[in-house]
């Protein structure tokens, strides 16, 4: 009888320790969720910053392209060859600046996309971590 009570007692103790381990494991998973959520927040912030940067570069590209078109019209309507060449040179420089700004916008937009993808992945991990 004493052996039987001892086995029952040991079985209960083992059950309690196993249950406690599962609870601790669950807390660890939720800690992981907090870490994933923090990463998602940081990556979202980075994506927003890159998107803002891309928007700024795109605006510069648009402005420079508009300047290039304006100079090209002036070159077309110029009265002298020297004046036409001067405006054509200004149009070319503005077009080069527009191209450079557009390239920078493209790079920043790509970085925004990468950061947003990382944020989505971290958010997905956070969502499933406590399951």
So for R0 = 41 Å, FRET eff. of residue 107-residue 38 from the Cβ-Cβ r, to 0.05, ends up at 0.95
Using r as the Cβ-Cβ distance of residue 59 and residue 31, and R0 as 41 Å, what FRET efficiency do you calculate, to the nearest 0.05?
0.45
Report the gain in length on full extension from residue 76 to residue 121: 0.36 nm times residue separation, minus Cα-Cα distance, nm rounded to one decimal.
10.9 nm
Label-point gap, in nm, between residue 93 and residue 49 - each point 7 angstrom along Cα→Cβ
3.4 nm
Given contacts defined as C-alpha pairs under 8 Å and at least six residues apart, what's the relative contact order of the stretch 30-129, whole-number percent?
52 percent
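We did not get these values from a lab; they are worked out from the coordinates using the rules stated. Keep in mind the model is a prediction, meaning the values are calculated, not measured. Positions of Cβ are generated from backbone atoms using ideal geometry, with glycine treated the same way; all protein chains shown enter the neighbour counts.
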